[in-house]
Amino acid sequence: MAGKKKSRPVVSGLVLLTLVAASGYLTVELREKEEPGVTEVRNVGVLEGGRSSAASQDPGKETWSRLENPARSVLRGADGQIKAVFTDGARTATLTGSARTFQEPTSTSSKVSTTDWVRLMPEVWGAGAEKKKWFKQWYAENKDSKKDDIFAFAFQYVAGAPQKKDAQGNVYAGDANFGPLNTSGAEGGDLRLEQSDFYDYLGVPYPFRDGVVGQPETARARSIDCSGFIRMVLGYRARYPLMSSDASGDGLPRTANGMARSKEGADILPLTGITAKDRPSAIDQLQPGDLVFFKLDARTKQRLDHVGMVLGHDTEGHLIFVSSREEVNGPTIGDVGGVSRLDGNGYYAKTLRSAKRL
């Protein structure tokens, strides 16, 4: 969201936190069988759009094909069902796996049942990458894996999520706040302050690759604003490179506006402007794991000021996203302050301006 407080020079001898393997949050239910309609909704509404190039139809074998808008490679099993989607210019991949249901009953009746698992590849995808050694090794390790993916990471910060600690006893996951209460009346009367990054939540200094060290503030402990949440999930947990600000380093910038305007990833809904007339006319290209950017606050002028992540269709067919929000005081797919739907004419649907696939 708003610009981040400045960080200090490198501290010698700083040691990064070591994460331990963790199971998914308790509201994520693993099922052996898919729920009726889940795969069909996903395939028709999200992954099947675009013109396809010719693909091998050798029965009994996996087949690859190319789709456009955006350019991507699709892997199908011998039964013709989609097994994975890889988008040119992106490192996130969508794999088909066991069905899960994500829900947040304290904030919404929405439930997202999905067979999509979103994971980060070690390199950016491009046409023909399926033939490369790095991909073959990565896919063999991840195609049937049930280890925590990006969605599991995200739900480890919603209301009621239990704490997870590393080998040193440091908390790296659990119920997160948006930010500390605003007691000064600054920032135009916001209830809670922005600018809480992932290292504020962690409560430990974080060395960025440009030599800057992010210094946490005690008042922001266990807090992550909208962009801080995305940086926690995709950066700290999934290991996507992170910038120390919007202007220094390489990787994912600090703010929602910086992320939206960054050259990182593939633009799925290109940013054309920030006014109401610049709302995307269609969202059919959106896929689980995509970052979505919004213009909510007139005070931010020419800046986009909110970011979330597409989760999938709920059981009523609405396209749901997860984000850290002031009104709910943390990460949510809830209804407080606006229903978390990207379709229709609700608050967030009308303020959507662009989307990116990292």
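Here are the numbers for the structure shown:
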quantity	calculated
Fraction of beta bridges assigned by DSSP in region 214-358 that are antiparallel (%, nearest 5)	95
Region 92-149: relative contact order in percent, alpha carbon pairs under 8 Å with at least 6 residues between	35
Filtered trypsin sites (Lys or Arg not before Pro), region 230-283: DSSP coil and at most 16 other beta carbons within 10 Å	ARG239, LYS263
Mean-position separation - Cα centroids, region 222-281 and region 340-354, in angstrom	18
Neighbour-limited loop hits for GluC sites (Glu not before Pro), region 291-328 (at most 10 other Cβ within 10 Å; DSSP other than H, G, I, E, B)	GLU316
Neighbourhood charge, 13 Å Cβ-Cβ cut-off, centred on LYS350 and excluding it, Lys, Arg +1 and Asp, Glu -1	+3
Inter-site label distance for TRP134 and LYS350 at 7 Å from Cα along Cβ, in nm	4.5
Members of LYS146/LYS263; LYS61/LYS147; LYS136/LYS263; LYS83/LYS131; LYS61/LYS356; LYS277/LYS356 lying beyond 23 Å, as alpha-carbon distances in this model show	LYS146/LYS263; LYS61/LYS147; LYS136/LYS263; LYS61/LYS356
Neighbour-count ranking [beta-carbon atoms within 10 angstrom, fewest first] of TYR157, TYR172	TYR172, TYR157
At most 13 other Cβ within 10 Å, DSSP loop - trypsin sites (Lys or Arg not before Pro), region 74-165	LYS132, LYS146, LYS147
Tensor-based shape of region 276-353 (alpha-carbon gyration tensor, a/c under 1.5 rounded, otherwise prolate or oblate)	oblate
Per-residue Cβ neighbour rank within 10 angstrom, fewest leading, MET309, MET232	MET309, MET232
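Throughout, read-outs are computed from the coordinates displayed, never taken from laboratory work. Since we're looking at a predicted model, the values are computed, not measured. Note that each Cβ is placed from the backbone with ideal geometry, even for glycine, and that neighbours are counted across all protein chains shown.
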